[in-house]
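To keep things clear, I will list the structure first and then write my remarks on it.
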Amino acid sequence: LNLAEKGFQVAIANRETEWIGDVLNGAGSLAENLFPAETLDTFVASLRRPRNLLFMIPSGAPMDAMIGQTARLLQAGDTIIDGGNADFNDTRARGAALKGTGIHYVGMGVSGGADGARHGPSLMVGGSDHSWTQLSPMLRAIAARYKGDPCVARVGSDGAGHFVKTVHNGIEYADMQMIAEIY
């Protein structure tokens, strides 16, 4: 909905297709920028090239399965974006597995929870120069703002985005523990 609100046309899909109707019904006027797809093939085919596929799913086996299912449908220049809380070592391995296919892989740390996702997350992007050039207009549009500047940066290649998110989480959880101890 954040992307749709910023004027982007967004294809949406979900393994449990009954959720798609709920999203459309709750989107109000933003539904005009949402294009539902009942199958993964239809979803990928509906995207303009070069394609950007953002997955906000659990890391690990679910992401590996999604890469396996979508990579066969993609072409050189397309980008898979993993917005889950992945181990940066896994992100590096996934990127290496796609090397030579022409498909780009981005590990993107996303901070802000559900409210941030809807109204402006902080985004830590790890990926190729090509991917950053392709994604930055969208990511800058949807990111949280601090003094007018978007809270998004390409922090490096490879697993850098998920590494920075790991450090971010460590600091955040340490802060919460200190607050709890003080309280």
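The values are calculated or read from the model by the stated rules, or taken from the named source; none is laboratory data. If you're wondering where the values come from, they're calculated on a predicted model, not measured in any experiment. FYI the Cβ positions are ideal-geometry reconstructions off the backbone, even for glycines, and counts take in every protein chain you see. Calculation scope for accessible area: heavy atoms of the full protein, side chains included, ligands and nucleic acids excluded. Shrake-Rupley method; radii C 1.70, N 1.55, O 1.52, S 1.80 Å.
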Q: Being free of Cβ contacts under 8 Å to residues at least 60 places away in the same chain, open to solvent by 20 Å² or more (accessible area, probe 1.4 Å), out of contact with any Ser or Thr (no Cβ under 9 Å at 6 or more places or on another chain) and under 22 Å from Ile171 (Cβ atoms) narrows it down to one of Gly113, Gly28, so name that one.
A: Gly113
Q | Residues being under 22 Å from Thr166 (Cα atoms) and open to solvent by 30 Å² or more (accessible area, probe 1.4 Å) - total across region 67-96 | A | 8
Q.
Of everything in region 112-122, what is in contact with a helix residue (DSSP H, G or I) (Cβ under 6 Å, 6 or more places away or on another chain) and over 11 Å from Asn2 (Cβ atoms)? Give them in sequence order.
A. none
Q) Of all the residues that make up region 11-25, how many are small (Gly, Ala, Ser) and open to solvent by 40 Å² or more (accessible area, probe 1.4 Å)? A) 1
Q: Report, by residue number, each residue of region 47-89 that is among the aromatic types (Phe, Trp, Tyr) and in contact with a His (Cβ under 9 Å, 6 or more places away or on another chain).
A: Phe88
Q | Complete set of residues in region 51-62 that are in contact (Cβ under 8 Å) with a residue 24 or more places away in the chain, open to solvent by 60 Å² or more (accessible area, probe 1.4 Å) and either of a type in the set (Lys, Arg) or not in a strand (DSSP E or B) (or both) | A | Met56, Pro58
